[in-house]
1. Run the numbers on chain A and let me know its relative contact order in percent, using alpha-carbon pairs under 8 Å that are six or more apart.
2. If you take the beta carbon distance between A:ARG144 and A:VAL71 as r and set R0 to 41 Å, what does 1/(1 + (r/R0)^6) give as a FRET efficiency, to the nearest 0.05?
3. Please compute the modelled spin-label separation between A:MET92 and B:VAL102, points set 7 Å along Cα→Cβ, answer in nm with one decimal.
4. List the distances, in nm and shortest first, from the label point of A:ARG23 to the matching label points in every other copy, placing each point 7 Å from Cα along the Cα-to-Cβ direction.
5. Applying 1/(1 + (r/R0)^6) with R0 = 35 Å to the Cβ-Cβ distance of B:ARG39 and B:ALA61, what FRET efficiency is obtained, to the nearest 0.05?
6. Distances from B:LEU111 to the same position in the other copies: list them in nm, one decimal, shortest first, using label points 7 Å from Cα along Cα→Cβ.
7. At 222 nm, what helix-only mean residue ellipticity would chain A give, in deg cm²/dmol to the nearest 500, using -39500 (n - 2.57) for each DSSP H run of four or more?
8. Short version: what are the Cα gyration tensor semi-axes of the protein assembly as shown, square root of 5 times each eigenvalue, largest first, in whole Å?
Number of protein chains: 2
Amino acid sequence: MRSASRKQDQEPLTQRLTDGGFRFTPQREHVYTVLTERRDHPTAEEVFIRAKKGMPEISLATVYNCLDALVKCGLVKQVAVQRGAARFCPNMEEHGHFYCDVCGSVFDMELPAGQGAPVTMPKGFTVDHYEIAAHGFCPDCGARKKNVETIS
Amino acid sequence: MRSASRKQDQEPLTQRLTDGGFRFTPQREHVYTVLTERRDHPTAEEVFIRAKKGMPEISLATVYNCLDALVKCGLVKQVAVQRGAARFCPNMEEHGHFYCDVCGSVFDMELPAGQGAPVTMPKGFTVDHYEIAAHGFCPDCGARKKNVETIS
DNA sequence: CGCTGGATTTAGAATTATTCCAAATCTTGA
DNA sequence: TCAAGATTTGGAATAATTCTAAATCCAGCG
Ligand SMILES: [Mn+2]
Ligand SMILES: [Mn+2]
Ligand SMILES: [Zn+2]
Ligand SMILES: [Zn+2]
């Protein structure tokens with residue numbers, strides 16, 4: 001049972017698209033499915049590659065289109081944790097990101113609950129949301145680095 | 001008295017470049033000066049425009065070069081708060097950024113002192129540094145928005 | 001049902017931001 | 001002084017994204 005195909009599971013997607021002034025289309029559904037079936041942070045290009053598996057005729061322009069619509073509907077987050085290609089995150093819970101400076105992987109990170117505003121805002125600024133990211137080595141790259149140090 | 005021209009003021013720059021394995025060059029000094037004489041967050045293109053005022057022959061490639069060297073020496077920060085062109089920040093104190101979603105301006109924000117790690121890191125991750133950004137309306141754009149609402 | 005206007009998809013062109021390249025120029029230090 | 005290596009430069013190349021215009025789709029209407 002492919003969860004995204006059951007009628008009841010489609011409803012929130014359909015609803016959110018409609019509310020955002022968009023139509024429900026097979027491409028948008030498919031891009032959304034592809035994105036939610038793995039908890040990582042693919043680039044548009046990577047989403048395109050994955051999307052072609054189940055929908056070989058889809059175009060890259062459409063993938064950009066769909067991602068844009070999904071972001072505007074609040075179904076997906078766009079994260080700008082590093083320079084270069086934008087990445088897309090299907091996890092809509094509040095969370096931070098860890099970016100591995102060696103391999104470029106992005107991981108979701110839990111935020112310590114109820115710790116209040118992370119920055120002190122001068123008068124006049126209206127905050128919509130925060131973005132918190134940590135940079136460093138992921139477990140794999142940290143281990144590899146240690147090995148290299150030991151060997152040399 | 002142009003502050004960046006006094007010998008004693010150049011020393012830290014010279015030193016940091018040398019320590020980073022770079023040479024001290026008029027272009028690198030000039031790009032650094034241009035960047036530090038205003039506390040904002042210009043793109044490489046904007047730095048190029050400013051740099052040409054005092055050094056008309058400088059090329060865009062050199063500006064990218066110099067910015068790269070300055071970042072590698074820890075004299076300047078590269079901030080990736082939004083998609084699109086990278087921005088450069090001459091403020092090396094620890095601070096967060098506010099990004100105005102309307103006009104795209106970036107502001108430095110003080111971080112509440114000693115509040116500890118902003119994210120909970122699972123075992124194996126080694127953190128090098130954090131990046132904290134708030135998104136919303138800057139004072140100007142907030143005011144403009146309120147006016148529009150009142151008028152319409 | 002068949003039409004029609006607007007939304008969507010598509011391939012490819014265009015644009016933007018950055019990096020690469022190779023030649024000219026500039027140090028540094030034997 | 002001179003050679004080797006670093007740096008600068010303009011232009012070409014690349015990467016990521018947006019734009020364009022034609023084809024297709026589809027909801028609502030007669
Ligand atoms: Mn995420
Ligand atoms: Mn800053
Ligand atoms: Zn890694
Ligand atoms: Zn603003």
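1. Working: 165 pairs, mean separation 28.0, N = 152.
In percent, rounded to a whole number, it is 18.
2. On the way: r = 34 Å, r/R0 = 0.83.
Efficiency, rounded to the nearest 0.05: 0.75.
3. Spacing of the two 7 Å Cα→Cβ label points: 2.7 nm.
4. 6.2
5. Details: r = 26 Å, r/R0 = 0.75.
In this case the efficiency is close to 0.85.
6. Between copies, matching label points for B:LEU111 lie 1.5 nm apart.
7. Helix contribution divided over all residues of chain A: -12500 deg cm²/dmol.
8. Values: eigenvalues 294, 128, 84 Å².
The answer is 38, 25, 20 Å, longest axis first.
The values are calculated or read from the model by the stated rules, or taken from the named source; none is laboratory data. Worth saying up front: this structure is predicted, and the values here are computed from it rather than measured. Backbone-built Cβ (ideal geometry, glycine too); neighbour counts: all protein chains shown. Areas reflect the complete protein model, heavy atoms only, side chains present, ligands, DNA and RNA absent. Shrake-Rupley method; radii C 1.70, N 1.55, O 1.52, S 1.80 Å.
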